[in-house]
Structures are given as structure tokens and as C-alpha cells.
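Quick notes on the structure that follows.
The values are calculated or read from the model by the stated rules, or taken from the named source; none is laboratory data. Being a predicted model, the structure only gives us computed values, none of them experimental. Cβ placement follows ideal geometry from the backbone for every residue including glycine, while neighbour counts extend to all protein chains displayed. In case anyone asks, the SASA skips ligands and DNA or RNA and just uses the protein heavy atoms, side chains included. Shrake-Rupley method; radii C 1.70, N 1.55, O 1.52, S 1.80 Å.
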Amino acid sequence: MNFDFPEELIQLRDQARRFLADRCPPSVPRRILETSEPYAADLWRAIAEMGWTGAAIPEEYGGVGLGRLGVCVLAEELGRAVAPVPFSSSVYLATEAIMLFGSEHQKQHWLPKLASGEVIGTFAMAEQPGPADPAKLLHSIASGHVTGTKLAVPDGDIADFAVVAVNGGGRHAWLHIVDLNAPGVSRETVATIDPTRSHARLDLTAARAEPLPGSTGPGTIHRLLDYAAVPMAFEQVGGAQAALDMAVAYAKERYAFGRPIGSFQGIKHKLADMYIQVELARSNAYYGAWAVHTGAAELPVAASVARIAASEAGWFVTKENIQTHGGMGFTWQMDCHLYYRRARLLSLALGGTREWKHRLIDELRARNDLIAA
Amino acid sequence: MDFEDTPEEAAFRAKCRAFLDANAERRKPGAVEGYRRGQDAPGAMERAKDFQRRKYEAGFVGIHWPVEWGGGGGTPIQHVIYNQEEAKYDVLTGLFGIGINLAQPTICTWGTPEQRERFVKPAMRAEEVWCQLFSEPGGGSDLAALRTRAEKQGDEWVVNGQKIWNSGAHYSDFGILVARSNPDVPKHEGLTFFILDMKTPGIEIRPIRQISGSSHFNEVFFNDVRIPDSRRVGPVGAGWKVALTTLMNERHGMRDAPGPDVAELFRLAQTIELENGPAIDDSAVQEKLAEFYVRSQGLKYTKFRGITALSRGQTPGPESSIVKVVAANKLQDILSYGLDMIGMAGPAMGETMPVAGIFEEALLYSPALRLAGGTDEIMKNIIAERVLGLPQDPRADKGMPFRDIPTGTRK
């Protein structure tokens with residue numbers, strides 16, 4: 001049994017933790033929250049210089065070839081730091097879409113730029129409230145041009161290009177690369193529950209669109225979301241762990257009725273429950289990491305399990321962190337809301353847990369052997 | 001990152017399988033495991049003892065114990081591998097768990113060479129069966145509040161009092177006993193640990209009928225029971241520290257809760273018709289199934305992380321402390337949801353009920369799993385204090401002589 005990260009990635013995780021503790025303390029997401037800066041461009045440049053943006057990209061395309069496991073350990077640390085950078089959009093989604101579905105020419109063109117961080121990519125899917133259904137996508141695609149509106153695209157106002165999901169006919173989606181600085185694209189920053197990660201509405205009017213040739217078949221969106229859900233789960237677990245750590249630290253130093261509140265079982269048992277949720281989510285994220293690393297047939301199940309556990313842990317832990325802090329936890333001044341906002345943002349980013357639960361059951365019914373395993 | 005054995009682990013696993021294939025029947029696919037199922041069947045003890053003796057002779061008892069204890073000197077991961085394989089076979093070994101997993105490690109850690117020589121091997125071979133005489137009506141979670149008295153008279157100790165929740169006391173040859181040797185000092189300092197021959201005059205054992213109707217537990221009463229001082233384990237007054245060795249072994253087990261799990265709930269959902277068709281097609285049922293599946297998988301991979309630590313020669317991290325509390329609660333949530341789906345037919349019990357009646361059976365035994373070996377509340381205190389480093393609760397009895405401390409139920 002070797003169900004853990006290899007030693008070199010454990011070291012990378014430690015380095016990343018130290019680096020982010022130094023370069024991305026809570027004052028950094030707070031700066032993005034309180035100013036008009038859409039993201040921490042200085043931090044983005046620094047992590048790109050260290051090769052994080054190219055972690056999963058093979059060396060032949062300008063990456064550092066750490067594989068998807070490398071992205072997972074970095075994601076956990078970025079989540080812990082509530083880093084205000086477009087890492088998930090550019091790395092888990094745009095880079096992954098090109099690696100999974102791009103032509104050789106597209107890989108050679110885009111991957112080195114994504115690896116170096118000079119280009120930021122994102123993924124544009126949602127057009128209306130409700131689950132992501134490829135059949136309902138409104139975009140029309142005619143002679144290489146796309147028209148329509150995408151709501152709340154993460155990092156849509158800072159990205160250079162978006163991988164845009166359009167209706168490929170019938171129930172299938174078809175992915176296209178759209179240059180967001182080209183004619184026919186207008187974008188407007190939208191207010192969101194977590195301003196530390198900016199979002200935009202994209203209005204596309206006959207914008208030039210370049211198809212990803214591998215994306216025309218069935219299951220494209222699920223496949224991309226499965227690959228993205230695993231590092232996203234690590235990012236969520238990292239944020240939940242940070243919120244737990246914050247609650248524990250406060251429970252030790254805050255006194256009421258003459259004793260630390262952490263000595264009351266009402267608080268103690270709550271914190272134990274938070275710890276349990278984080279550990280279960282972490283274990284499930286590890287299963288997802290194994291599946292993306294090995295390209296296992298179980299990936300849809302593993303990704304769903306990782307996603308659901310991480311989303312539920314993130315919500316539970318960050319709301320109970322506020323509760324542990326009492327009235328202070330509800331103030332702008334305390335950092336509790338940074339974790340609370342981010343946890344909810346990430347749990348919505350790839351679709352809510354309700355749709356992932358149905359997805360999980362569909363996959364399990366197709367793979368009966370996994371139910372008892 | 002993988003789930004594979006190392007070549008050494010694979011070779012050991014093959015040895016385990018060869019032994020088990022030759023000495024036990026494989027569980028049937030889909031068979032459900034209940035709590036202490038089969039222990040009451042006629043001849044169960046004899047069959048279990050026979051298997052245990054062969055297991056000992058093949059070197060699979062005390063695999064990871066030091067050689068000087070009489071163990072195999074193997075690694076913790078080998079112990080885990082054997083247990084993983086044994087779980088696939090229809091064997092009863094729980095009857096000897098207290099003797100082998102709790103009593104002998106405590107005796108080997110704290111006892112005399114003579115005690116080790118006398119007791120360890122017969123326990124490993126199941127020639128002698130053991131019970132645990134710790135809890136009392138006034139001392140459960142607060143074990144150190146126990147009141148059973150042990151008074152020194154010459155070379156003997158005279159024991160008077162009562163214990164409770166003593167699994168298997170009625171068929172045990174020996175018990176591990178903690179008693180109060182000095183009520184004038186603070187509660188943790190006045191305890192002493194003994195080995196008690198269960199045939200000693202003055203012991204009365206009364207079965208406790210559980211809510212399931214069966215009786216795996218007992219009350220044990222002591223009326224001037226005499227124990228030679230040579231059967232004392234550890235120094236006089238050190239009983240709390242000795243008992244902690246036992247308790248750590250008890251809680252170390254990363255124990256799962258036997259009973260209906262996700263697979264059984266799926267089977268149920270596939271067989272039951274709801275208002276709009278099979279339950280498995282119902283959206284609300286699907287979401288519940290997904291939640292339970294995610295929790296089950298979380299537990300499974302948490303255990304795998306612990307096993308990986310063992311495989312790498314490390315001590316499992318604190319993650320293993322969550323297994324018991326999560327598993328026992330999940331069991332109750334799953335059985336309750338299953339019963340709810342069965343609906344008006346749900347109260348009936350027995351093999352003819354869906355999934356062999358395991359949901360109804362588990363309803364009546366599952367509360368035990370949240371209590372035994374440390375209640376949920378104690379386990380959460382342990383997580384909060386030992387893992388998260390939170391301060392202990394202030395103790396109203398701290399530093400007080402035991403005789404001045406209120407214990408038990410006062411009205």
C-alpha cells in the first residue's frame with residue numbers, strides 16, 4: 001500500500017506552504033477584496049516563475065512535467081492561502097482542456113504560454129442558473145464564429161482566452177478557444193460572493209472561435225470537469241484546513257466564563273467534527289489524485305467523491321469557523337469571511353454538489369463492481 | 001501513488017491466503033456481517049478455539065509482537081495484511097480479542113517475566129479466554145472514578161465491588177481488573193491492576209440483557225474475592241497507567257462498524273418500489289446514496305492512509321482516531337434510511353426481510369458501537385485534546401481525595 005504522495009511532491013508541498021506563508025498571508029486576498037485590483041498579479045508572476053503554472057504540462061511543451069499529482073499538492077497550498085490568482089481557471093481547466101482535447105498544433109501554441117504564465121486561460125460554461133447541461137447551451141456556431149452570453153466566468157475579465165462550451169449538436173458540447181481580446185468579445189466584471197477571485201460576464205457576437213478537435217464526442221464536459229474536480233478538491237481541502245486551524249487557534253486564546261472556549265465541549269466537539277470532515281475530504285481527494293494520476297477508469301467516481309466531500313467539508317468548516325469566533329467572526333475585520341466566501345465559490349465553480357451526487361450515482365450504476373469495493 | 005503491495009507484502013499476503021484457504025471457508029459474496037453474529041450458535045466457541053489454535057501454530061497470532069513476548073517479530077503492516085485477508089473468511093476470532101489484543105500487551109508491558117511466561121501463550125492459542133473488568137455503574141467514561149475496592153491482607157488482595165459491561169465474562173477463564181487500592185489519594189493515583197482467575201470463590205456473574213435481547217455483556221460482582229499479590233500487574237497505585245496501555249490498544253484498532261453499508265443500501269434501493277418506480281431511480285434516494293457512498297469511501301481511504309504510514313514504517317497519523325466515531329454514526333444513519341424505505345413493512349425482523357433483515361438487526365445492536373471502547377463524546381474529546389491540542393475540561397475532582405468525590409448517580 002502506497003497511498004500517499006511521493007517524497008519529492010511532499011517536499012514540493014512544504015516548499016509551497018512556506019512560500020505562500022511568506023508571499024500570500026491573508027493580507028494579500030484582503031488587498032484584492034478591498035481594492036479594484038482584480039487579482040494578485042505579482043503573486044501570479046512569482047508562482048509562474050517557479051513553474052507552478054506548468055506543473056502538469058510535459059517538458060516538451062514548456063512545462064516542468066510534475067504531472068497532475070504535482071498540481072494537486074500545489075492546489076492544496078493555494079487553497080490554504082486563499083490565493084487570489086487565476087490558477088484553477090488557467091491550470092485545472094484551460095490547460096487541462098488543451099491537454100485533453102487540443103490538436104498537436106494547439107498544444108505547441110498554447111501550452112508553453114500557459115506554462116510560463118504569460119497567458120491566462122479560463123473556461124466558460126454557465127449560461128443560466130441550474131446544472132450544466134450541454135444540450136441547453138445557447139451558443140450558435142457558424143463558420144468558426146460564436147455568439148451568445150456566458151454568465152459569471154471565473155477570471156473572465158483578466159483571462160487572455162477562454163475555452164468556451166457551445167452546443168455541438170444534440171446533447172453534446174463542443175469546446176472552442178476564444179481570444180478574449182479579439183473583436184466581437186465584450187466582457188463586464190460582475191459582483192460575486194467572493195471578490196478575491198474576479199468574474200465576468202462574456203458577451204460574444206460572432207467572435208472568432210477555434211475548435212478543440214478532440215472535444216466533439218460525448219462526455220467532453222464531464223471529462224474536463226472530472227479532471228478539474230480533483231485539484232479543485234485539494235484547493236477546497238486546503239482552505240477548509242486553514243479555516244479549521246484558525247478556529248482551533250481562536251478557541252485556545254479566547255476566554256469566556258473564566259476559561260478558554262476550547263475547553264467547553266460545545267466548542268471542542270464542534271472542532272472535532274470539523275477535523276473529521278476535513279480528514280474524510282482529504283482522504284477522498286487522495287483517491288481522486290490516484291485516479292487522475294493513473295488515468296484510471298474509476299476517475300468519474302473518484303472525481304465525484306472527491307468533489308462532494310470537499311465541497312461539503314468546505315461549507316461546514318468555514319461556517320463553523322465563523323460560529324466559533326462568535327460576533328467577531330461576522331466582522332469585516334476578521335479573516336473568517338475570506339475562507340467562507342472562497343469555500344462557497346469553489347463549491348459552485350464546477351457545479352454544485354446536487355448535480356455531482358446524481359453524476360456519482362449514474363457512474364456507480366454503470367460500474368456496479370465499485371459499489372461494495 | 002498506488003494501492004499495490006510491496007513485493008514483501010505481496011509474498012506475506014500469499015502466505016496468509018494459503019493458510020486461510022486451508023483452514024477456513026470464504027464468506028459468500030453479498031453476505032452481510034452483523035455485530036457478534038454467529039457467536040451464540042451451538043459449537044461456536046469450540047470451532048473458534050480450534051481455528052485459533054491452528055492460526056497460532058501457523059504463526060499468525062501476535063504477528064507484529066516482539067519475539068520476547070512470544071510474537072512473530074513482524075511488522076505492523078503484516079498484522080494489517082493478515083486481518084484484511086482474514087476478514088474475507090467466515091471465522092470467529094472476536095471471542096479472543098480481549099485476551100490477545102488487550103490483556104497480553106498490557107501484561108507484557110507491565111507484568112513480571114513469570115506472568116508473561118504463564119499467561120501469554122495460552123491466550124494466543126485460545127486455551128484460556130479473557131474478559132475486561134474495568135467499567136462500573138459509577139465509572140464508565142470517567143473510568144478512574146471506579147469504586148471496586150482492593151485491600152491488601154498479607155500476600156493477598158481482597159476485592160469487593162461490582163463491574164459492568166463485561167463482554168464474555170461468563171465464558172472467560174481470566175479477567176483484567178482495575179480496582180481501588182487507596183481511596184485517600186486523588187482518583188488516578190489510588191488504582192491497582194490485577195489478573196483475576198474467574199473461578200475464584202466470591203465472583204458472581206449476571207448476564208445483562210441488551211436491547212437486542214441477546215446477552216454478550218455481564219455484571220460481575222466481587223464478594224471478598226482473594227487475589228494473590230503475584231497476580232498484580234505493575235506497581236501498587238499505578239493501575240491507571242497500566243490501564244491506559246490497555247485502553248490505547250483498544251482504541252488503536254481503527255475499527256469499522258459491522259452491518260449494512262452502502263452496498264446493502266443499494267441492494268435495498270434496487271429491490272424496493274416507490275411511488276414512481278424503483279427507489280434507485282428516485283432523485284432523493286440517489287442523493288442520500290451518494291452522501292453515504294462519499295462517507296464510506298472517505299473512511300476507506302482514511303484507513304488506507306493509515307496503512308500506508310504503517311507500510312512506510314511510520315506511526316499512523318491522527319486520522320485513524322476518526323474511524324470508529326464516523327463508522328458507528330454512519331451505520332445508524334444508513335440503517336435508519338434503509339428502514340425508512342422499507343416503510344410499513346419495516347418493523348418485521350428476520351432473514352425473510354430485504355437484505356436478510358440486516359437493517360432491522362442493526363437497529364437493535366448499533367447503539368453499542370457508539371458506546372463501547374470509548375463513547376462518541378470521549379472520542380471527540382480525544383480528537384480535540386490530543387490531535388487539535390485544545391485544553392482539557394476543568395475537572396471538579398482534580399486533586400481531591402477519591403473518598404470525597406461524588407460518583408455515579410446522585411439524586
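Selection of region B:101-121 for residues being open to solvent by 20 Å² or more (accessible area, probe 1.4 Å) and part of a helix (DSSP H, G or I) yields B:ASN101, B:THR109, B:TRP110, B:PRO113, B:GLU114, B:ARG116, B:GLU117, B:ARG118, B:LYS121. Of everything in region A:1-23 that is open to solvent by 10 Å² or more (accessible area, probe 1.4 Å) and outside any helix (DSSP H, G or I), the residue that is farthest from the other protein chains (Cβ to nearest Cβ) is A:PRO6. Selection within region B:344-387: residues that are open to solvent by less than 20 Å² (accessible area, probe 1.4 Å) and part of a loop (DSSP other than H, G, I, E, B). The member of this set that is nearest to the other protein chains (Cβ to nearest Cβ) is B:GLY374. Has region A:330-341 got at least one residue that is assigned to a helix (DSSP H, G or I) and farther than 30 Å from A:LEU225 by Cα? Yes, the conditions are met somewhere in region A:330-341.
Against the definition (without any contact (Cβ under 8 Å) to a residue 40 or more places away in the chain and facing another protein chain (nearest Cβ under 9 Å)), how does B:GLU275 come out, yes or no? For B:GLU275, the condition - without any contact (Cβ under 8 Å) to a residue 40 or more places away in the chain and facing another protein chain (nearest Cβ under 9 Å) - is not met. Taking the criterion of being small (Gly, Ala, Ser) and over 10 Å from the mean Cα position of the chain (by Cα), the residues of region A:70-93 that qualify are A:GLY70, A:ALA81, A:ALA83. Within this structure, B:PHE304 passes the test of being open to solvent by 10 Å² or more (accessible area, probe 1.4 Å), assigned to a helix (DSSP H, G or I), within 11 Å of chain A (Cβ to nearest Cβ) and of a type in the set (Phe, Trp, Tyr). In region B:60-85, of all residues being touching a Leu at 6+ places or on another chain (Cβ under 7 Å) and open to solvent by less than 20 Å² (accessible area, probe 1.4 Å), the one that is modelled with the highest pLDDT corresponds to B:GLU85.
One residue alone among A:ALA243, A:ALA251 is outside any strand (DSSP E or B), within 23 Å of A:ARG341 (Cβ to Cβ), open to solvent by less than 10 Å² (accessible area, probe 1.4 Å) and facing chain B (nearest Cβ under 9 Å), and that residue is A:ALA251.
If you filter region B:19-45 down to residues that are open to solvent by 60 Å² or more (accessible area, probe 1.4 Å) and modelled with pLDDT of 95 or more, you find that the one that is nearest to the other protein chains (Cβ to nearest Cβ) is B:ASP21. If the condition is being among the hydroxyl-bearing types (Ser, Thr, Tyr) and not in a helix (DSSP H, G or I), then region B:165-181 contributes B:SER167, B:SER172, B:SER181.
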